[in-house]
Structure formats: C-alpha cells, structure tokens
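Have a look at the structure below, then the notes.
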Amino acid sequence: MATAGVLPPPSSARRPSFKPIIEAAGSKSTAKVGSSEFNPEKHLTFEPPSKVYKMADIGLSDETGVSTVAVSEPFPLFSPEAIRVMREEVLREEVMNNCNYSSNIAACQLRGFAPKYSPFVYEAWKNPKTLEIISRIAGVDLVPVMDFEIGHVNVSVKSEQEKERELANIREAKSRMADEGIAGCPWEDDKPIVGWHTDSYPFVCVLMLSDCSTMVGGETALRTGKGDVVRVRGPQEGCAVVLQGRYITHQALRALGATERITMVTSFRPRSPHARDDTELRTVRPISDLSELYYQFGEYRLEILEERIRSQLRKIRETRGAGKRFDTKAMKNFLTETEDFVSRTDAELIEDEKVQVGYIEEMKYENVKVEDTKAQEHPSKRSRVE
Ligand SMILES: [Fe+2]
C-alpha cells in the first residue's frame, strides 16, 4: 500500500465532514439500545434464493476459493420488524458520531458498532439459525470474521429532488430510446457506489436496509474468469445476497431513483480452524479503529494457530502411542503451512503509522454503467448471470 505524504495520526480514523440526513432514522429519543431481543422464530423470514451460482458458472475454477459457490440471487432473510430495529440501532446518533468512516471510494460507512451500540444486530448475525442459513447457501460452514465486521454499513443518501430528477431523466431516456429504437443504453455514465475490488474476507452477506422499490441500478457487477462482466440483481428491503467476494472481482453499481440506499455487509470466514483462511485487511485497515481491528484479527488468528498446533501435537503423540515411525514429511508440511500462516498474519499487521487512513487502492478496470435492468423492453446488451 502506498504510504507517501503526510499521514494522519494512526488511530484517528477519518471522519466524514457531514452527516447524512436519513428519514425515520433512529435517534437519541426513539431508539433504546437493547429494548428488542433477536428471536429467530419471529425475525428470520428466510426463503431460499431462486438460484445459487457456482464459481464454474462465471468461468472460475472450483479451487479458487473456500467453496464452489460464487453468488446467490437475492433472498428474504429478516422480517420488516427486524429491519426496523436494525435501522434504529445503526442510524442512531452515537453510531454516526463514533463509528462513521469515509474513504476515497465511499463517503459514509458505519463500522465497529456491535455489540456496544447494536446488540440486536450483533445477536442477529451471531445466531446459530442465521449462520446455518448463510453457511448452507455458501456451501461451507461460516462464522463472522470478527465482531468488528458485524456489520459494515454503506450509506448513500439523496434528497427527494435529486431522486425525482433521476427518475425524470430515466423516463426521458426511456422514451427517447423508444423513439430512436435504441435498446440497452446506460442511463448515466457515472461512478459506481464502490469501484472494482475484491473483498478482504472470504464471504459477505449483503443485507438491504432501505426500501428500493423505485430504484434503478444498485446491482452487483462481477468479472468472470474470461474478463467479461455479468450482473446480479440487488436485494430488496429485508433481503440479502451471499457472495464469495474475496475471490471474485466485483463492484456495487450506482442506485438511481431512490432517496437512500443503506446496506449492511457482514463478512464471514470458514468456521473450521483447519480450513484455508485467506483473510486480508487490505480494504478495511484504512477505515477502521486499528487497535480494535488488529486485536480482533490477532486474537482469532492465534486461536486458529492454537487449534492447529494442538491437533498436530495430538497426531504425533497418537502415532508414537501406536508404535509407528515418526512421519517426517507430515511434520514438515505442517511446519511449512504454519510458517506461511504466521507470516501472512504478520504481513497484515502493518505498523499503525504506515497506514494511510481513508485510502483504499482501486482496481484499474473500466466502471460498468448503470442500466435499467428492470425494463424488459430494453434488454441489456451485457451478459447477466441467468
Ligand atoms: Fe465488496
């Protein structure tokens, strides 16, 4: 990561100079932390996604990641009541003041608020039933990477006038295209919400916290193994998508025609300490309380290491107990893997003073343009995952 120039103090994450105006957001007076308890029977409204795409479906090898699953279609996950409580918890003033980060690629992100400010959100993502659902879709047993990543909230807010202007532009473009017989043209040559990137963590679950029934765009674009672009639909309010984002280059497309778009992204890693864990901190280091992030990362990496060492110790003792020869090759393999794990852990812990706060390196691919993919009369020229 580039470290040129004068850097802000290490642990003082960059705070946005504005606060988004969000209608019906929680505030000091309306939201009482801890007043609602997560109840999976009541708050989970899960219905399986209509389709789960495999890595092979987008031209990537099954060996690429920790599962053969690439991405799901949106599926219902949490009830309207659960979404209301989540919004109250994460849009409260304390979170806006204490957990708000901005970067070169996103203006307003709320991070590290659970469980302190949002016990309901925390319980919702830690609940065994929720984890079972996410794991079943992902094709691998998953747990949240660490508490700091429960969850990362992206906030994009516009005024009613901006929304109306966008919708008017879309209507105008539609009728012009109908007149001129053009199909599949992008509405607006504009920047995506988040540019091309791979995530730091193996899997993400993206949950929609906004009503986006009037929204155009807001999809996720994926680069296939062949280098072309496919799109997956964005979720509606209360719905989610699961994506193996560490291994798939993707971008969140801009959403037009909605006053707000608030998503909660919760990141996951394999539960088994023996599974491959390619977790990085590349995209989160610049937008985190470093002390908290490094503690939680260091703790879980040491837990994995502890488990792996205990397991290897058990193996060599059992071999010895059975009167067999020492397996030199197996021991050397274990040590090589351990060295690699330790050195990758070390490499992620970039010294505080070298971290460029608020700066995330972007990939140099051309951004995808926003299209009205709801409009069946103007089928997209670009391929979609279907
Ligand atoms: Fe991502």
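Rule-based calculations on the coordinates, nothing more; no lab input. Given the structure is predicted, the values throughout are model-derived calculations rather than measurements. Cβ sites come from the backbone with ideal geometry, for glycine too, and all protein chains shown count toward neighbours.
Annotations for the structure displayed:
- Classified by the C-alpha gyration tensor, region 40-275 has an oblate form. Its axis ratio a/c, with a ≥ b ≥ c, is 1.5 or above, and a/b does not exceed b/c.
- For region 201-207, backbone phi angles converted through the Karplus equation (6.51, -1.76, 1.60; θ = phi - 60°) give residue-by-residue couplings of 10, x, 10, 10, 10, 9, 10 Hz, Gly and Pro being listed as x.
- Summed side-chain charge close to residue 45 - residues other than residue 45 whose Cβ falls under 14 Å, Lys, Arg +1, Asp, Glu -1: -1
- Amide N proximity, region 264-286 versus residue 313 label position 7 Å along Cα-to-Cβ, cut-off under 20 Å: 273-275
- Whole-Hz couplings from phi, Karplus 6.51/-1.76/1.60, listed for region 113-124; x for Gly and Pro: 9, 9, x, 3, 9, 9, x, 5, 4, 4, 5, 4
- With R₀ set to 41 Å, the beta-carbon distance separating residue 325 from residue 299 gives a calculated FRET efficiency near 0.65.
- Paramagnetic label reach from residue 272 (point 7 Å along Cα→Cβ; backbone nitrogen cut-off under 19 Å): within region 307-328, residues 307-316.
- Two-site FRET efficiency, residue 341 against residue 367, from Cβ-Cβ distance with R₀ of 45 Å, rounded to 0.05: 0.80
- Gain upon complete extension [residue 306, residue 127; 0.36 nm per residue less C-alpha separation]: 62.0 nm
- In plain terms, the residue of 158, 332 with the fewest other Cβ atoms within 10 Å comes first and the most crowded comes last, giving 332, 158.
- 11 Å cut-off, amide nitrogen to a point 7 angstrom out along residue 141 Cα→Cβ, residues in region 266-287: 271-275
- Here the peptides 206-214, 61-69, 107-115, 252-260 are ranked by packing, the mean other Cβ count within 10 Å, and the order with the highest first is 252-260, 107-115, 206-214, 61-69.
- Estimated inter-spin distance, residue 63 and residue 162, nm [label 7 Å along Cα→Cβ]: 4.7
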